[in-house]
Amino acid sequence: MPSFRKPFALACALAVSWSLLAGCSNSGDAGKKYAVATDTTFAPFEYTDSKGNFVGADLDILAAVAKDQGFQYELRPLGFDAAVAALESNQADGVIAGMSITDKRKEKYNFSEPYYNSHIVVAVAAGNDAVKSYADLSDKTVAAKTGTEGAKFAESLAPKYHFKINYFADSPTMYEDVKTGNSVACFEDSPVMAYGISQNNGLKIVNDPSEKSPGSSYGFAVMKNSAANQKLLTLFQTGLANLKKNGQLKAIMDKYNLNYDF
Ligand code: GLN
């Protein structure tokens, strides 16, 4: 009965548009899409899997938090240093990139509560039996990733052990430099190196207990002086607290074989 259907369809359309309008006016910036910058390859936190999908624990956390808090976002895999630069130049609203929460960084950025605990390790080519301690790095060249805590740790040891540091924008290129023998070792976050080794990246960890490597926790970061992005941080915080409570954060860490300390 067409005479019946038309008004019904109209009523439906009206109801839909009304509810959309109501939805918008209730949540203010429901249409806003936050830009979240991340690293390109920092497995298992963010990386491209064998099927070509960009996946990882950071991405799962962000997706779960956004779902929990009902916000939209667009992911920008830029590299670690570039992600932080994007945040600083207001090209990104937040960063999730296995980013260590440090006192120095807290001067510029506001961080969420931590979601993972990490530390720095030194790795050499799997076949290298000559490097057993930091002292064995003397007068050699090591590799580090620009702007990272690993680079800062290397810089803190360089004067004592007299090694030169080569800087790289991403982890795979840094590992390659060690495998080709151009650099004798590299400085990397423990879970990322452990994952890489489990995937046969051709490296192995050197344990020298003489210098304690700095530990740090990963958090989500926004610019301190951006009032707009404090809103995003609050959403992230609330969502993360919910994921810790309801077991979702642990499930994500289990999925990627990562420790869960919260
Ligand atoms: N956790 C390290 C840092 O924040 C490295 C992060 C990364 O390389 N994505 O400096």
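The values are calculated or read from the model by the stated rules, or taken from the named source; none is laboratory data. Here the structure is a predicted model, which means the values were calculated and not measured. All Cβ positions, glycine included, derive from the backbone under ideal geometry; neighbour counts span all protein chains shown.
At a glance:
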{"read-out": "Candidates Thr141, Thr48 - the one that is under 14 Å from the mean Cα position of the chain (by Cα), surrounded by fewer than 22 Cβ atoms within 10 Å (Cβ to Cβ) and β-branched (Val, Ile, Thr)", "value": "Thr48"}
{"read-out": "Among the residues listed as Ser118, Ser156, the single one being within 16 Å of the ligand (Cβ to nearest atom), over 21 Å from the mean Cα position of the chain (by Cα) and at pLDDT 95 or above", "value": "Ser156"}
{"read-out": "Some residue of the stretch 103-126 being of a type outside the set (Val, Ile, Thr), at positive phi and surrounded by fewer than 24 Cβ atoms within 10 Å (Cβ to Cβ)", "value": "no"}
{"read-out": "Selected residue [within 11 Å of the ligand (Cβ to nearest atom) and among the charged types (D, E, K, R)] from Lys67, Lys104, Lys108", "value": "Lys104"}
{"read-out": "Ser171 vs. criteria more than 10 Å from the ligand (Cβ to nearest atom) and of a type in the set (Ser, Thr, Tyr)", "value": "no"}
{"read-out": "Of the criteria (1) touching a Pro at 6+ places or on another chain (Cβ under 9 Å); (2) more than 15 Å from the ligand (Cβ to nearest atom), which one Tyr73 fails", "value": "(1)"}
{"read-out": "Inter-residue pairs, beta-carbon under 9 Å, first closer than 14 Å to Val84 by Cβ and in the stretch 141-154, second within 8 Å of the ligand (Cβ to nearest atom) and of a type in the set (Phe, Trp, Tyr), 6+ apart", "value": "Lys145/Phe80; Thr146/Phe80; Gly147/Phe80; Thr148/Phe80"}
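Each row is one residue, and each column tells you yes or no for (1) in a loop (DSSP other than H, G, I, E, B); (2) modelled with pLDDT of 95 or more; (3) more than 16 Å from the chain's Cα centre (by Cα); (4) β-branched (Val, Ile, Thr).
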| residue | (1), (2), (3), (4) |
| --- | --- |
| Gly23 | no, no, yes, no |
| Gly31 | yes, no, yes, no |
| Gly52 | yes, yes, yes, no |
| Asp68 | no, yes, yes, no |
